[in-house]
Each structure stands twice: as C-alpha cells, then as structure tokens.
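Written out below as structure tokens is the structure these notes cover.
Bear in mind these aren't lab numbers, they're just calculated from the coordinates by the rules spelled out. Since the structure is predicted, the reported quantities are computational estimates derived from the model, not experimental observations. All Cβ positions, even for glycine, are placed from backbone atoms using ideal geometry, and neighbour counts span all protein chains on display.
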Amino acid sequence: NAGVTQTPKFRVLKTGQSMTLLCAQDMNHEYMYWYRQDPGMGLRLIHYSVGEGTTAKGEVPDGYNVSRLKKQNFLLGLESAAPSQTSVYFCASSYQGLQYGYTFGSGTRLTVV
Amino acid sequence: GQSLEQPSEVTAVEGAIVQINCTYQTSGFYGLSWYQQHDGGAPTFLSYNALDGLEETGRFSSFLSRSDSYGYLLLQELQMKDSASYFCAVVSGGYNKLIFGAGTRLAVHP
C-alpha cells in the first residue's frame, strides 16, 4: 500500500518554463489537495478536488492549474514558472470524514531560478 | 477569514511534558486537527477534535474548547524523536479543506 506518491521529488526550473507535478493515491480517497509550504508560513492550499473531473481554487491558486481526469491522480501544472513559486509542494488525500486526517505525499522541492 | 495562532518555538527536555497551544478565528467551525512534521518530511496526522474535551492517543493528547476558540496538543514522556514541527489546522468551509497554522517547532533536549 503506497499511500500518496508524488513525482518528481526535486526539480529546478528556469523562469518562464512549465512543468507538471503528479500525485497518485491508491486509497480510493475522494478528496485530493495541493498545498505549498514556505518557511514560517505553514501550508497553504492551492487547489483541491472533491472527485474525478472536479477541481476548485484554494487560498493561493494564481499561477497554477490542476486536473483530475482519474480518481487516483491529481496533477498540478505551472504554465510559466516564477521565482515566487519556489517552494515545497505537498499533495494530500482524505476520506470524506476528517477523523482519519489527510495522508500526505513526500513532497516536491521546486526551485525556480 | 480564518486565522490560527500558535507559538513559533518550544523547548523541553526528555521525559518532560509539553503543551502546544492554538487559538483560531474561523467561520463555520468543524473541528481542529494536529499534524507532526519532521525536518525534510511530510506532515503526518496526529489527531482531530470535533467536540469539546480531551482526546488521548498514547503519549499524545489533544484538547478543544469551542467556546474559547482554543485547543492544545499535549505531549507526554517526551522523546528525542518528538523533535519536529507541529501544526494545528481548522476546516475551512466544506470538503475537508484545512487551513494550517504557521507551526510550532519543538526541540527536545537530553
């Protein structure tokens, strides 16, 4: 049981380049989330999905797009990377009830130069 | 909007007890969660309080007072491996969307 898998683990981008971060979960969770974590700021919600084919904006959605074509996968795209998007990105998934909490992936450390 | 406040750092010695407080402001409160994160690692779920009172899970306990918009995480019999950051989080609206505090860095010393 792998839980939540994120790829890649590390990436360096040049300003203006694009990339896609992949998140895959094998727990049959309906809800999936993308967060970014910056020093001293905790985790901030970028986008989320409540089921296959659905996506919605979180606290800090600008500069990001997402897709959930299959229930187990949630993709985060950066169309034109900016240095302000240098961060650690975490994907998470959950059941509909919160008593079991989120399961997080191991994270993607992205640097935009 | 929503906001959470928790201390930025706490220091304790092995074997001691430490309490990490969290106060929150939110509309439509559903519950308070706690997560642990070791350096370089992913956050892991510790507890969830939807109702007032104390929830105990081994050495960790979590408390909630909805009337005071306040909760805390209590760690007993501290071990070196408990050195980590601890985040409180509240649900923001529906669909289990969590808003996280900035985190409390706990350092456990021998």
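Taken over the protein assembly as shown, the ratio of Cα radius of gyration to 2.2 N^0.38 Å equals 1.01. With the charge dipole of chain A set up from +1 on Lys and Arg Cβ and -1 on Asp and Glu Cβ about the Cα centre, the Cα lying farthest toward the positive end among the listed residues A:Leu13, A:Phe74, A:Tyr95 is that of A:Leu13. Summing +1 for each Lys or Arg and -1 for each Asp or Glu among the other residues whose beta-carbon sits under 12 angstrom from that of B:Leu98 gives +1. Per residue, the Cα convex hull of the range B:15-57 amounts to 127 Å³.
To check you understand DSSP bridge types, tell me what percent of the beta bridges within chain B (both residues inside) are antiparallel, rounded to 5. Show your work: numbers first, answer last.
Working: 37 of 42 bridges.
Counting only bridges with both partners in chain B, antiparallel ones make up about 90 percent.
Shielding value for A:96-109 is 5, the average number of Cβ atoms from other chains within 10 Å of each residue's Cβ.
Excluding same-chain neighbours fewer than eight residues apart, the lysines reachable from A:Lys70 by a Cα-Cα span under 23 Å are A:Lys9, A:Lys57, B:Lys97.
From largest to smallest, what semi-axes in whole angstrom does chain B give when each is the square root of 5 times an eigenvalue of its alpha carbon gyration tensor? It would help to have the intermediate numbers written out before the result.
On the way: eigenvalues 110, 41, 28 Å².
In descending order the semi-axes read 23, 14, 12 Å.
Between B:Ser47 and B:Trp34, the built amide H atoms are under 5 Å apart, and every one of these is 5 or more places off in sequence or on another chain. Only beta bridges with both residues in the protein assembly as shown are counted; by DSSP, about 90 percent of them are antiparallel. Across the range A:65-82, computed HN-Hα scalar couplings (Karplus, 6.51 cos²θ - 1.76 cosθ + 1.60, θ = phi - 60°) run 9, 9, 8, 9, 7, 10, 4, 7, 10, 9, 9, 10, x, 10, 6, 9, 5, 10 Hz from first to last residue, x flagging Gly and Pro. Couplings 3J(HN,Hα) for the range B:88-101, derived from phi with the Karplus relation 6.51 cos²θ - 1.76 cosθ + 1.60 (θ = phi - 60°), are 8, 8, 10, 6, 10, x, x, 6, 6, 5, 9, 9, 9, x Hz, where x marks Gly and Pro. Counting neighbouring Cβ atoms within 10 Å and putting the fewest first, the residues A:Asp26, B:Asp82, B:Asp39 line up as B:Asp39, A:Asp26, B:Asp82.
Whole-Hz Karplus values for the range A:46-59 come out as 8, 9, 8, 9, 9, x, 3, x, 10, 8, 8, 7, x, 6 Hz, taken residue by residue from phi with 6.51 cos²θ - 1.76 cosθ + 1.60 and θ = phi - 60°; glycine and proline positions read x. Within the range A:1-44, all pairs of alpha-carbon atoms sorted by distance into 10 Å bins from zero give the percentages 19, 43, 32, 5. Using the empirical formula 2.2 N^0.38 Å as the baseline, the Cα radius of gyration of chain A reaches a ratio of 1.00.
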